[in-house]
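Single-structure report; data block below.
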Amino acid sequence: MHIFYTPDIASVKELPEEESLHCVKVLRLTEGSEITLADGKGSFYKAVITLAHHKRCGVNIIEEIPAPNPWTFKVHIAIAPTKNMDRIEWFSEKCTEIGIDAITLLRCRFSERKEVKTERIEKILISAMKQSLKAILPELEGMTDFKKFITRPFDGQKFIAHCYDENDKSLLKQKYEPGNNALILIGPEGDFSPEEVKLALENGFIPISLGNSRLRTETAGVVACHTLHVINQ
């Protein structure tokens with residue numbers, strides 16, 4: 001099944017240029033071919049190609065198929081990008097496959113990267129959405145200052161995963177209440193600073209551990225995302 005991302009399909013009955021190129025030049029689909037579209041907002045569409053043009057492939061919509069996320073809770077992970085962008089791209093891909101609603105890139109005191117171009121990550125999210133047969137594209141927020149981010153309101157439980165020894169720090173599975181929306185902060189390789197942890201706790205974040213193993217940043221993000229889904233099964 002060929003799936004193409006068409007965010008404006010409700011008003012524009014053609015594929016975006018990049019998707020048109022892939023459809024016509026790479027896959028060599030022609031007029032009359034049936035394809036599936038995903039708008040990234042919760043619907044698939046059965047469609048037929050009416051104009052096989054590599055820049056603006058026209059389609060005729062046959063049927064809209066609502067496809068809300070199979071999970072009812074919200075998963076939002078705010079993570080400090082790694083120096084090697086391949087690793088944060090891997091995190092973005094795998095969490096999209098597992099199921100995530102929003103990703104925020106955090107700028108922390110010990111961040112290995114202070115700025116990130118999000119265009120490539122956005123393409124990875126789209127590809128992972130299509131590959132995992134989802135119709136909702138996760139929201140992606142570019143580099144955001146840690147101190148500003150933690151003061152935002154959030155309807156659900158808020159957690160911060162850090163490596164400092166604390167008596168009141170429990171496993172995520174022990175603190176998370178099934179069915180609740182969850183926001184989890186994942187720090188850089190050098191961890192959050194003690195000041196950042198203190199500020200997060202003052203703003204209602206619950207300190208958690210993701211297990212006894214020492215995890216890389218991107219692995220911690222995937223483990224956190226997967227743990228929420230396992231708990232809610």
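The values are calculated or read from the model by the stated rules, or taken from the named source; none is laboratory data. Just so it is clear, the model here is predicted, and its values are computed rather than measured. When we count neighbours, we look across all protein chains shown, and the Cβ atoms used for this are built from the backbone with ideal geometry, even at glycine.
Residues checked against (1) surrounded by 17 or more Cβ atoms within 10 Å (Cβ to Cβ); (2) under 15 Å from the mean Cα position of the chain (by Cα); (3) in a loop (DSSP other than H, G, I, E, B):
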position	(1), (2), (3)
MET1	no, no, yes
PHE4	yes, no, no
LYS25	no, no, no
THR30	no, no, yes
TYR45	yes, no, no
ILE61	no, no, no
GLU64	no, no, no
TRP90	yes, yes, no
PHE110	no, no, yes
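Determine which single condition PRO68 fails, assuming it passes every other condition in (1) farther than 20 Å from VAL222 by Cα; (2) buried (at least 16 other Cβ atoms within 10 Å of the Cβ); (3) not aromatic (Phe, Trp, Tyr).
(2) is the only condition that PRO68 fails.
How do the helices (runs of 4 or more DSSP H) wholly within region 162-233 filter down when requiring 2 or more residues that are over 25 Å from SER111 (Cα atoms) and under 20 Å from the mean Cα position of the chain (by Cα): which remain? Spell out how you get there, then give the answer.
Details: elements: 172-175, 194-202, 217-231.
Here the list reads 217-231.
Out of region 176-208, which residues are small (Gly, Ala, Ser) and either surrounded by 16 or more Cβ atoms within 10 Å (Cβ to Cβ) or not assigned by TED's automatic domain parsing to the domain that holds ASP165 (or both)?
ALA182, GLY187, SER193, ALA200
From the list LYS74, LYS117, exactly one residue is modelled with pLDDT of 95 or more, out of contact with any Lys or Arg (no Cβ under 6 Å at 6 or more places or on another chain) and basic (Lys, Arg). Which is it?
Being modelled with pLDDT of 95 or more, out of contact with any Lys or Arg (no Cβ under 6 Å at 6 or more places or on another chain) and basic (Lys, Arg) holds for just one of LYS74, LYS117, which is LYS74.
What residue, of LYS41, LYS83, is surrounded by fewer than 14 Cβ atoms within 10 Å (Cβ to Cβ) and in the same structural domain as ASP101 (by TED's automatic domain parsing)?
Numbers: LYS41 fails: in the same structural domain as ASP101 (by TED's automatic domain parsing).
Checking each option against the conditions leaves just LYS83.
With the requirement that a residue be outside any loop (DSSP other than H, G, I, E, B) and either closer than 23 Å to PRO138 by Cβ or not aliphatic (A, V, I, L, M) (or both), what does region 6-23 give you?
The answer is GLU14, GLU17, GLU18, GLU19, SER20, HIS22, CYS23.
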